[in-house]
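To start, the structure under review is shown below, and the notes come after it.
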Amino acid sequence: MILLNPKQHQRPYADARSTEVMRATIEFFETKGKDKLLADYYERGWYADFLEFVRQNRIFATMCTPAGEGAAVFRAVGEWHVVENRWKQAADRFAVLCRVDQLDGWDVSTLDSLRQGPVLIEGADLAGYERFRDETIARYTTATAQVGDRVLKVSLLRPTNEHVLAALHPYADATAKAFASADESGDVFMAAWRSVSLALWEYRSGNYLKAVQWAQRCLAYPETNAPRTATARIILALSYQQLGRGREAHAALAEGREIIEAKSKTHLERGTPVQGFWFDWLFARILLREARVLAEKSSE
């Protein structure tokens, strides 16, 4: 094993940069020493020093090629930070991910955007979220038909302004058309998700009755997805509250909160498309906080 015999490391590499990286890696572990490595292992210490070494020496940028492999590394590390509630560290990895996934198709890259947006909010980086939102809206202007519902959803996690709503209008139109197609073809899964995006769009646009209708449409589908159901109920609660229908708002909020709080008692996991991903739960949680604040203000 070459790396386990560092004092006789004579292996040739394809280029000078690869040689530099490998020798720097050997030096890092030799400097750290066997005793410290064993202590970290048995104490289950977090390897922050190694990650800093990787960052400073641009190891992933050099060794994780082609681009797709580098993206996979940042995606995996970012999601590891998420399940440990390390929001800033996760946001940093996803920020890089959203730059290196440029060669991936829209399906992969928009999922990465769904990862980045809520993590910025959970980490209280609201300015960072606004920059991310504007970049996301600008990034997919030539693919609104394919990505409209995802861009709407991740761009409207917080109250916004007329300028942003105007920029999102083409995405909303594309999502409405995509919903009609999915509904007509019997694609319940996609129709339900697009209903949620359109409900949030109408709510942020001040069209509260339309938001109620879209949220109810989502909930009427027989196919269930817990975080999507919770999100639809929270949007119902927000809309009812704005319409002055306090009793209905209270009931919808209680139903959505129950689903979210039940999930919060378990460890956050990556999830699946059918069960919902971890970022679907973050969407619901973020909107729940907003609904609670609005309910409190309305009761004063």
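Here, each number is a calculation from the coordinates, and none is a lab measurement. The structure displayed is predicted, hence computed values, not measured ones. Cβ atoms come from the backbone with ideal geometry, glycine included; neighbour counts cover every protein chain shown.
Points to keep in mind about this one:
- Within the chain, helix-based [θ] at 222 nm, where runs of 4 or more DSSP H residues each add -39,500 (n - 2.57), nearest 500: -25000 deg cm²/dmol
- Highest-MSF residue in the chain out of Val54, Val164, Val73 [GNM, Cα springs under 10 Å]: Val54
- Gap separating the Cα centres of the range 202-231 and the range 103-126, nearest whole Å: 22
- The residue among Phe189, Gly276, Tyr221 whose Cα reaches farthest toward the positive pole of the charge dipole of the chain, with charges on the beta-carbon of Lys, Arg, Asp and Glu, is Gly276.
- Annotation: the chain has a Kirkwood hydrodynamic radius of 21.3 angstrom, from the mean reciprocal C-alpha pair distance.
- Likely footprinting exposure, Cys218, Cys98, fewest C-beta neighbours within 10 Å first: Cys98, Cys218
- The range 280-291 - phi-based ³J(HN,Hα) in whole Hz, Karplus 6.51/-1.76/1.60, Gly and Pro as x: 5, 5, 5, 4, 4, 5, 5, 5, 4, 4, 5, 5
- Taking a ≥ b ≥ c as the square roots of the Cα gyration tensor eigenvalues, the range 177-240 comes out oblate, since a/c reaches at least 1.5 and a/b does not exceed b/c.
- Summed side-chain charge close to His163 - residues other than His163 whose Cβ falls under 13 Å, Lys, Arg +1, Asp, Glu -1: -1
- In the chain, lysine pairs closer than 20 Å at Cα, eight or more apart or cross-chain: 6
- Residues Leu126 and Gln56, FRET efficiency given R0 of 22 Å [Cβ-Cβ distance, rounded to 0.05]: 0.15
- Net charge over other residues, Cβ less than 12 angstrom from the Cβ of Lys36 (K, R count +1; D, E count -1): -3
- Placing R0 at 51 angstrom, the Cβ-Cβ distance between Gln216 and Tyr42 gives a FRET efficiency of 0.40 after rounding to 0.05.
- When each of Thr160, Thr231, Thr175, Thr272 is scored by the number of other beta-carbon atoms lying within 10 Å, the sequence from fewest to most is Thr272, Thr160, Thr175, Thr231.
- Highest-fluctuation residue, Tyr42, Tyr203, Tyr240 considered, GNM on the chain with Cα pairs under 10 Å: Tyr42
- Each residue of the range 121-132 is assigned a 3J(HN,Hα), and the resulting list reads 5, 4, x, 6, 8, 6, 5, x, 5, 5, 5, 4 Hz, derived from the Karplus form 6.51 cos²θ - 1.76 cosθ + 1.60 (θ = phi - 60°), x at Gly and Pro.
- Stretchable slack from Ala251 to Thr142, in nm (0.36 nm times residue separation minus alpha-carbon distance): 35.2 nm
- Taking Phe283, Phe28, Phe277 and counting other C-beta atoms within 10 Å, the order from fewest to most: Phe28, Phe277, Phe283
- Distance between the range 248-300 and the range 181-197 - C-alpha centres, whole angstrom: 22
- Within a Gaussian network of the chain (alpha carbon springs, distance under 10 Å), most fluctuating of His81, His267, His250: His267
- Here the 3J(HN,Hα) profile of the range 165-173, calculated from phi with Karplus coefficients 6.51, -1.76 and 1.60 at θ = phi - 60°, is 4, 5, 5, 8, 4, x, 5, 5, 4 Hz, Gly and Pro shown as x.
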